[in-house]
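Here the structure comes first, spelled out in structure tokens, and everything after it is commentary.
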Ligand code: GLA
């Protein structure tokens, strides 16, 4: 499957008209793949994701009353809410992402208009490619567009994360929403998750981003995510006893880790060690990409995967097999698990002319070992969210 944002919105527009009898505005927001910098965003650290060609589309038109009517082309059912009485927490359905964004916008003082919405999602769900950030960002743009309200994209990313944290109840960091807003074709985005300063690092010409979906998602993912966050916070409390200016693992140097780390429980030490070194790997990978030094990128991605597997313990057998399956294939320039972990995808940098054979070979090796037929996506880095019509 080659993944490019090809939909221009006219078909969705037609289906919206058939449903609601109105001409909609259409917004698109992409999913993402993270090249390096994993489990660092909620530690105020560095990440380097790219927006990809899988997107979620939201078609919207105003209603004369104060209702939100929300439907999806991916799921059955129609949801109806009154803007005067929006729920303040999750209802346990896919529309939580849309309603959560509306509720947070209202909490922040934005006046919303009643609306009909139709969602069309192409980001594979539950695969670690941020289908949730994509629907949040496209919805937020749609709601704000309807009332012609303009806000900086970084604020839009923040309020979408807030919806996921406070309404949906997932304590995610800012990476996914930010790159869905700000991604740039042909580039990865190096983001400082503390200051939200960012710069683009070019994906070298001749390199394809190949995303390999293990097709598994293990149940423990969301619990384990929150536990990792708590373990990082525990580490911060210890280091802050030695230096009160420390607010997050971002502030802890490798020297401090070596000096005081023996006072931490072994598991907490491992978690902190991953985060502190992953931050440095991410900065190094951005420089290496700029220099076109793919050997260095390869080594950094490999070290990242090993650290996520052994120290942060968020990999799983299928991810390790998929990473292993890529090793030594012609054109392979580096790969690792990507996203939160416990299933989902690996990300690989592969020379473009070798990508089609890589795709076949990696799929065959993976299926032989696991009995599972994977999906392999040949991706490019794409632009962030936009209005289509
Ligand atoms: C999930 C979260 C992100 C980030 C990654 C791990 O994708 O949504 O905020 O924490 O896990 O890097």
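No lab work stands behind these numbers, since they all come straight from the coordinates. Treat the numbers as computed from the prediction; the structure is a model and nothing was measured. Glycine also receives a Cβ, built like all others from the backbone with ideal geometry; neighbour counts cover every protein chain displayed.
So the values come out like this:
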{"quantity": "Test for residue 199: is it surrounded by fewer than 19 Cβ atoms within 10 Å (Cβ to Cβ), more than 16 Å from the ligand (Cβ to nearest atom), part of a strand (DSSP E or B) and on the phi < 0 side of the Ramachandran plot", "calculated": "yes"}
{"quantity": "Contacts under 9 angstrom Cβ, first residue in segment 162-176 being free of Cβ contacts under 8 Å to residues at least 60 places away in the same chain, partner within 13 Å of the ligand (Cβ to nearest atom) and outside any loop (DSSP other than H, G, I, E, B), 6 or more apart", "calculated": "170/132; 170/164; 170/222; 170/225; 170/226"}
{"quantity": "Listing of helices (runs of 4 or more DSSP H) fully contained in segment 220-295 that carry 1 or more residues being farther than 18 Å from residue 191 by Cβ and within 16 Å of the ligand (Cβ to nearest atom)", "calculated": "221-242, 266-291"}
{"quantity": "Among the candidates 185, 170, residue that is away from the ligand (no atom under 14 Å from the Cβ) and either under 15 Å from the mean Cα position of the chain (by Cα) or farther than 25 Å from residue 107 by Cβ (or both)", "calculated": "185"}
{"quantity": "Among residues of segment 242-269, those that are buried (at least 19 other Cβ atoms within 10 Å of the Cβ), more than 24 Å from the chain's Cα centre (by Cα) and within 17 Å of residue 308 (Cα to Cα), counted", "calculated": "2"}
{"quantity": "Test: residue in segment 318-338 that is at positive phi and surrounded by fewer than 15 Cβ atoms within 10 Å (Cβ to Cβ)", "calculated": "yes"}
{"quantity": "Segments classed as strands (runs of 3 or more DSSP E), wholly inside segment 1-117, with at least 2 members that are more than 16 Å from the ligand (Cβ to nearest atom), over 21 Å from the mean Cα position of the chain (by Cα) and crowded, with 22+ Cβ neighbours inside 10 Å", "calculated": "46-62, 67-72"}
